[in-house]
Amino acid sequence: MAELIQILVSGLAAGSIYALAAVGFTLLWQASQTINFAQGEFVMLPAFFVLIGMTVLGLPMWTSILLALVLSLLILGVAFKRLIVEPMLPHGTLPLVIATIALGLLLKESVKEFYGATAQPFPAIFPQTVYNVAGASVSVQDICNLVVSMLAIGGLQLFLNRTRTGRCMQASAQNPAVAEILGVNVKRMVLYTFLINAALATIASVLISPIYLAKFSNGETLGLVAFIAAIVGGFNQIRGALVGGLLIGVIDNLSAVYISAQYRSAMPLLLLIAIILLRPQGLLGTPEGRTV
Amino acid sequence: MIRRLLSTAAIVMALGVAPALAELKIGSIIELSGPGAAAGTNFRDGVKMGFEEINAQGGILKEQVSVLEYDSQTDPQVSRAMVQKAIDDGVYAITGTVFSSSTVVNMLVAKQYGIPQFTGSEAPSITAKGNPYIFRTAFGSQKGVPKMVKYMVENMGVKKVGVAWANTEFGKGGHQAFVAEMEKAGIPIVVDVPAEQAQADFSADVLKLKNSDADAIFVYFTEEESARFLREARKQGIDKPLIGETTLIGHKVIELAGDAANGAMGHVGLTPDANIPALTEMVERFKTKYNYTPDHNAIKGYTAAWTLKYVTEMVGSPDSKAIAEKLHGLTLKASEYPGVLMDVSWDETGEMSRESFFVKVENGKQVVQAVLPPN
């Protein structure tokens, strides 16, 4: 029982971070039909902004995190939308997909070139204390990662459902033409979506880098896992991405402990195949629904 | 007018081309990106520093040495292509690669062309394939693991062990050597956990090991995986001794894992913290030059450069085949050949023998617990 508790806590903590990245996929898809294959690199990059703040500029950790957030909003939010999505979107989805793949490569190779190919230590933002809960060792870091991720996604849901701006964003996603007629500034709403995605990527980066270490290639794994999570949960639902992320995290840990450590990475892929065959819209997705 | 401009430009370009300063070329095929970048960068910098010092002291056979660098990307097939490219570029010896899964593939190319290759790899299979052109810069795990197992049994009183290892050519080699030694010592392995290359999440692996009744855990990963493993072990509060080879307690691992590295222990063929004056001085020069503390891979690269100089000069010419022949059965004493830092011998398979150390990480530094004799 203690073992199961520990697996669940570790799996949910990792899964909640995957969910943050997965939500980014669904947000951008809803707002602008963009499948962002650079999403993994979006999560990788802010960690290096933090490191630059701390090691190059000599700033304290929290100031560096704030700096990383601002840089992410500007580069991964505003610049991504203005320089890549807007010029490419009129040419259709496929050119945009290729452009995001190229962007992912550019970000990865740039970090490798300017910061180095080796992994970098990344400071833990939460205490490393471990508590014994019913025989299981539960770390404060895991709990904090889970809580912060859930708060971020919960806050996003509240923002979208309970605020005027959030509802305008939903309206823009559902039917941009009608939203515009009703006076919604659709372009601004789409920009907000990109900014939210950049902010979520920054949070995911800061949470996962103490575990993964900061490395230029981290985006490969994270991007793939988040993409699978988004498909498994439902590409057009935030709560679907959340469920998908948590499910992948828990299944990964369960399969490593109870089935085979050697074949653990195959389990999420098997789940993906099963979902595509049996429920293509994802566990919580809707076949045609388009809500943010 | 245009013709005159073009001819002027041609003359300027011809004058601008750097003359061939070096006549001896060495190929440095190494992991500068991918999972092996931490180890590869250290090895590369060691090689570079070694040859820079050699050049400053007159080069090899009074000729300057040019080191041509090739990134293997920690990919066996890329490394093979890079070895081929280096040979096409006219190198007479090769240093690298560090990752065994690359070396087992690329050493076949060097063998085919009769080019001596100084590898940083430690998988037993490297020197077991009858390749007369492969030479280690640190002994293989089949020699290191018995020393470590002896220490675990006799000094630590270990009765049952768990194993966490990388499911790669490097990891398989260490795992097989460890399992064989444990069988010889009559010590059961109660839990055996393989992990994938570049695995990031070790929570399930650590949990399995933690919940086992092993007295100690043998950890055999590359540097970055080791650091992630140690961080997770610290997070889950594992209280069993974590014992490994150089890749568990190297300086890069200590830097990456931070406080989580404290308490980890293991066997190292080379350590910058050994009380050997030549080694200490080399480490200080390296730190001044590169602004980071070298690990065992940097020392391997450095000694590879100097070994090549000494043997080339013994042979009297950069004759690749003669150099390989000379290296078999050769012993270099540090008193006569200071660049090798410690007395070292190579046998007929290219395997090496040297003193080694059992160390424990305390306050972020390797502390030597015992000096282990050559075997």
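The values are calculated or read from the model by the stated rules, or taken from the named source; none is laboratory data. If you're wondering where the values come from, they're calculated on a predicted model, not measured in any experiment. Please note: Cβ atoms are built from the backbone with ideal geometry, for glycine as well, and neighbour counts cover all protein chains shown.
General observations
- The set of residues in region A:61-80 being modelled with pLDDT under 95 and in contact with a Gly (Cβ under 9 Å, 6 or more places away or on another chain) consists of A:MET61 alone.
- Test result for B:THR303, within 28 Å of B:LYS150 (Cα to Cα), part of a loop (DSSP other than H, G, I, E, B) and of a type in the set (Ser, Thr, Tyr): no
- Inside region B:17-30, residues that are farther than 15 Å from B:ALA305 by Cα and modelled with pLDDT of 95 or more make up a count of 0.
- Residue count for region B:37-84 satisfying the condition of being surrounded by 24 or more Cβ atoms within 10 Å (Cβ to Cβ), at pLDDT below 95 and not polar (S, T, N, Q): 4.
- Tally of residues being among the aliphatic types (A, V, I, L, M), within 13 Å of chain B (Cβ to nearest Cβ), part of a helix (DSSP H, G or I) and touching a residue at least 40 places away in the same chain (Cβ under 8 Å) across region A:212-262: 8
- Of everything listed in (1) part of a helix (DSSP H, G or I); (2) within 11 Å of chain B (Cβ to nearest Cβ), the single unmet condition for A:PHE126 is (1).
- Matching option when the condition is modelled with pLDDT of 90 or more and polar (S, T, N, Q), among B:SER226, B:SER203: B:SER226
- Counting the residues of region A:270-290 that are under 22 Å from the mean Cα position of the chain (by Cα), exposed (fewer than 13 other Cβ atoms within 10 Å of the Cβ) and at pLDDT below 90 gives 2.
- Unmet criterion (only one of (1) touching a Pro at 6+ places or on another chain (Cβ under 6 Å); (2) buried (at least 24 other Cβ atoms within 10 Å of the Cβ); (3) within 30 Å of B:PRO146 (Cα to Cα)) for B:THR97: (1)
- Test set (1) within 14 Å of chain A (Cβ to nearest Cβ); (2) in a helix (DSSP H, G or I); (3) touching a Pro at 6+ places or on another chain (Cβ under 7 Å) - B:THR74 fails condition number: (2)
- When A:LEU146, A:LEU195, A:LEU160 are screened for being closer than 26 Å to A:ASN236 by Cβ and within 14 Å of chain B (Cβ to nearest Cβ), only A:LEU146 passes.
- Hey, B:ALA110 over 27 Å from B:ALA227 (Cβ atoms), in contact with a helix residue (DSSP H, G or I) (Cβ under 7 Å, 6 or more places away or on another chain) and at pLDDT 95 or above or not: yes
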